[in-house]
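Okay, structure first, notes after.
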Amino acid sequence: MFCAKYAAGKIAESQALINEFSNVILNVLQKKQETKNYELILCAHSVGTILAMSVAARVVRIAQEQKLDLKCFKILTLGQCIPLVSFQKSCGQFKMDLQTLGNAPLVWFDFTAKIDGACFPLLDYFRASGIQAKFKPKFLSPRFHQLFTPQTYKKIRYNWYLAHFLYLYSNEILGSYDFFNFIGGKNTLESKIGAV
């Protein structure tokens with residue numbers, strides 16, 4: 001219901017939230033133009049990934065108008081359900097937002113898992129939505145089966161609700177997917193995910 005209304009622009013409060021959130025990001029980008037080794041990660045999970053597309057697209061459009069450097073602006077989407085909006089008939093504005101992002105050379109990683117029944121695992125939602133994109137996220141799997149003991153994973157695997165939130169959990173076993181390392185730590189997001 002939310003996604004159909006959002007696609008049609010019928011969630012009255014959403015635009016104000018998108019503007020406010022994107023303004024915060026733009027404010028930081030403006031202040032950090034001369035700062036080296038800085039990154040600003042827009043991280044979103046589940047339905048938040050839908051709103052993140054609109055936020056990121058507005059950031060890109062205004063940053064391009066103001067000639068701001070977007071090298072430090074990065075996107076991390078987890079358990080995305082973007083097609084719930086991009087497959088709607090009345091999603092013209094949302095597709096325009098995706099088109100904007102598809103023309104922006106951003107560092108962007110998209111993690112989805114097959115055991116997550118509330119996402120679209122490893123789906124190229126640009127192509128599936130009929131959007132020509134020069135730049136796309138790197139579509140990756142977190143490989144949850146490698147991050148938990150067999151006993152724990154057996155409990156997780158058929159619990160779709162838990163599996164959908166697993167992206168935000170700490171791991172039992174150190175692996176290439178590590179949410180807390182991605183959003184913090186010394187190295188850049190791409191250097192931490194590059195080995196995945």
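The values are calculated or read from the model by the stated rules, or taken from the named source; none is laboratory data. These numbers were taken from a predicted model, which means no experiment stands behind them. Counting neighbours? That spans all protein chains shown, and the Cβs are built from the backbone with ideal geometry, glycine included. For accessibility, only protein heavy atoms count, side chains too; no ligands or nucleic acids. Shrake-Rupley method; radii C 1.70, N 1.55, O 1.52, S 1.80 Å.
Within the stretch 33-87, the set of residues being under 13 Å from residue 106 (Cβ atoms), open to solvent by 60 Å² or more (accessible area, probe 1.4 Å) and not in a helix (DSSP H, G or I) comprises 69, 71. Note on the stretch 130-183: residues that are touching a Phe, Trp or Tyr at 6+ places or on another chain (Cβ under 9 Å), farther than 29 Å from residue 97 by Cβ, open to solvent by less than 70 Å² (accessible area, probe 1.4 Å) and hydroxyl-bearing (Ser, Thr, Tyr) total 1. Only one entry of 112, 152 meets the criterion of being modelled with pLDDT of 95 or more and of a type in the set (S, T, N, Q), and that entry is 112.
For the stretch 93-107, the criterion of a residue being open to solvent by 50 Å² or more (accessible area, probe 1.4 Å), in a helix (DSSP H, G or I) and of a type in the set (Val, Ile, Thr) is satisfied by no position. Only one entry in 32, 5 is in contact with a Leu (Cβ under 8 Å, 6 or more places away or on another chain), without any contact (Cβ under 8 Å) to a residue 60 or more places away in the chain and among the charged types (D, E, K, R), namely 32.
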